[in-house]
Amino acid sequence: MTGQDWLEKDFYATLGVSKTADDAEIKKAYRKLARKYHPDQNQGDEKAEAKFKEIGEAYAVLSDKQQRDQYDAIRSMGSGPRFTSGTGGGFEDLFGGGFSGGRASGGGFEDILNQMFGGGGSAGFGGQQGFGGTGFRPNPPSAGADIAASTTLPFRNAVSGTEITLNLEGRTVKARVPAGVKDGQKIRIPGKGRPGTNGGPAGNLVLTVSVAPHPVFSIDGNNLRMTLPVTFDEAALGAQVEVPTFTGEAVKVKVAPGTPSGKVLRIKGRGVKTAKATGDLLVTVNVVVPQNLNKAAKQAVEAFREATGGTDVRADLKTSAKE
């Protein structure tokens with residue numbers, strides 16, 4: 001932004017505050033207008049987008065004490081005959097009567113300021129030095145700061161992905177959470193942080209997601225996991241059992257004879273669906289031991305014990321313990 005831009009733009013009027021407004025008043029006015037004209041609230045409205053940029057530009061200058069002082073000084077010099085010479089002449093007299101409408105004969109307003117502050121010709125009003133040196137140049141564009149936030153999602157929303165709405169520093173922000181997000185995962189959402197200054201890009205939103213637990217399923221990457229209870233006879237003799245899936249359908253799974261607890265069965269394509277891949281449902285078998293046996297069942301188990309009495313299921317454990 002050039003000095004002429006500062007001369008022509010009334011940042012106080014843009015924010016609707018007086019020239020004596022303090023930092024709190026300026027910040028309050030900016031937040032109110034930023035909410036009103038934010039692009040997320042005015043999709044496709046080019047006038048609102050332009051107004052939002054003007055508001056950000058005005059706030060960037062007026063919220064910075066050094067820039068505000070420089071802006072006020074420049075505006076006061078270009079707003080009429082406020083400078084007087086020793087003989088009582090006006091602003092035009094000071095520059096030899098060649099100043100009119102913010103311009104001087106043979107050179108622009110920036111050239112005049114350049115001479116006043118020792119611009120040295122080539123540096124000019126938009127030179128590299130500060131206001132007290134050989135010229136003046138506003139700060140370059142800079143990105144806005146990141147904002148950290150957190151949210152808790154129902155398990156189903158975490159698996160399928162969802163759009164959430166957050167209230168951040170007086171702004172309503174919508175953010176897309178991808179399918180398969182894990183508990184405690186951080187997601188960086190570009191452009192949803194604090195606005196940039198001097199036309200710089202907005203910062204990012206860093207969102208920490210908590211996922212509410214589900215009574216049956218858990219997320220493991222793109223896969224879902226669950227535990228499947230089976231009876232002793234199903235595990236020993238083999239069976240086909242129904243397994244509920246995340247979508248509500250039930251599928252039949254074969255449990256092979258002699259399947260132990262902890263065995264993992266894989267059901268293809270029943271996990272998390274993302275744009276890149278679809279995971280599986282991993283089913284961990286849990287052999288359920290009956291807590292109360294009636295007489296007939298107890299006799300059957302005793303008969304089984306007699307029939308398998310010669311088998312030592314802990315033989316390998318004893319051997320390994322000696323290593």
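The values are calculated or read from the model by the stated rules, or taken from the named source; none is laboratory data. Everything numeric here is computed off the predicted structure, so don't read it as measured data. For neighbour counting, all protein chains shown are included, and Cβ atoms are generated from backbone atoms with ideal geometry for every residue, glycine included.
Which residues, taken from the stretch 36-73, are of a type in the set (D, E, K, R), under 21 Å from Val173 (Cβ atoms) and touching a Gly at 6+ places or on another chain (Cβ under 8 Å)?
Within the stretch 36-73, Lys53 is the sole residue that qualifies.
How many of the residues in the stretch 55-74 are surrounded by fewer than 16 Cβ atoms within 10 Å (Cβ to Cβ) and either more than 17 Å from Thr20 (Cβ to Cβ) or in contact (Cβ under 8 Å) with a residue 60 or more places away in the chain (or both)?
Here the count works out to 1.
Within the group Val264, Val253, Val285, Val301, which residue is closer than 13 Å to Ala236 by Cβ and within 50 Å of the chain's Cα centre (by Cα)?
Val285
Those residues that are in a loop (DSSP other than H, G, I, E, B), surrounded by fewer than 12 Cβ atoms within 10 Å (Cβ to Cβ) and on the phi < 0 side of the Ramachandran plot, I need them from the stretch 257-298; list them, please.
Pro257, Pro260, Lys268, Ala275, Lys276, Ala277, Val289, Pro290, Gln291, Asn292, Asn294, listed by residue number.
Name the single residue, out of those in the stretch 1-26 being in a helix (DSSP H, G or I) and at pLDDT below 90, that is surrounded by the most Cβ atoms within 10 Å (Cβ to Cβ).
Only one residue fits best here, namely Gly3.
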